[in-house]
Amino acid sequence: MKQNSNLVLCVDDELVGLQIRKILLERAGYRVLTAPDGPSGLEIFAAEPVEAVVLDYSMPGMDGGEVAVRMRQTKPQVPIILLSAYIGLSAEVTSVVDLHMTKGEGAPILLEKLSSLLQPVSTSPVSTS
C-alpha cells in the first residue's frame, strides 16, 4: 500500500466512529486531525494545511452541509467527502462536496475514494514548443 502523508481532517460528533476513522486513516499513512463538531472543524480547517476532509452529515447544531459550504468559502480547492447514514441527501447538499457515501459502504471504499481525490489530476501532456 502506498504510504502518504496527506493531512486529513475528520469531523464527526460520534466519537467512536471518529476514533475508528482516525486509526484507519493513520494506518493507511495519512496524518489525521479530528473535530467533534462543525464549529471546531471549521477552526481546525482554517488554521491547518488540511488537504482533504471526511465530514459527517448528521451533527447537532451545524450539519455537514453547512460545514461544507463554509469550508468551500475558505479553501474551495480542498476535497470533501461527506459521510451519512442516510441515503438520498438533497442535491443542494451533495453539490457542495466532491464525493458522498453512506457510512455502511465501509472502510475500503472510504480509503479508495479519499485516495482518488488526492491523486494529481492527470491531464494531456502539455506541449512545450
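The values are calculated or read from the model by the stated rules, or taken from the named source; none is laboratory data. For clarity, every value in this text was computed on a predicted model and none was experimentally measured. Cβ placement follows ideal geometry from the backbone for every residue including glycine, while neighbour counts extend to all protein chains displayed. To get the accessible areas, we keep the full protein, side chains included, count just its heavy atoms, and leave off ligands, DNA and RNA. Shrake-Rupley method; radii C 1.70, N 1.55, O 1.52, S 1.80 Å.
Just need a number here: residues in region 48-67 that are outside any loop (DSSP other than H, G, I, E, B) and closer than 19 Å to Ser90 by Cβ.
Of the residues in that region, 6 qualify.
Is there a residue in region 47-55 that is touching a Lys or Arg at 6+ places or on another chain (Cβ under 7 Å) and in contact (Cβ under 8 Å) with a residue 60 or more places away in the chain? Yes, region 47-55 contains a residue that is touching a Lys or Arg at 6+ places or on another chain (Cβ under 7 Å) and in contact (Cβ under 8 Å) with a residue 60 or more places away in the chain.
Each residue in region 31-64 was checked for being open to solvent by 10 Å² or more (accessible area, probe 1.4 Å) and more than 12 Å from the chain's Cα centre (by Cα), and 18 of them qualify. Can you pull out every residue in region 60-92 that is over 14 Å from Leu9 (Cβ atoms) and touching an Asp or Glu at 6+ places or on another chain (Cβ under 8 Å)? Those that are over 14 Å from Leu9 (Cβ atoms) and touching an Asp or Glu at 6+ places or on another chain (Cβ under 8 Å): Pro60, Gly61, Met62, Gly65, Ser84. Annotation note: of Arg27, Arg70, Arg31, the sole residue that is touching a strand residue (DSSP E or B) at 6+ places or on another chain (Cβ under 6 Å) and among the basic types (Lys, Arg) is Arg31.
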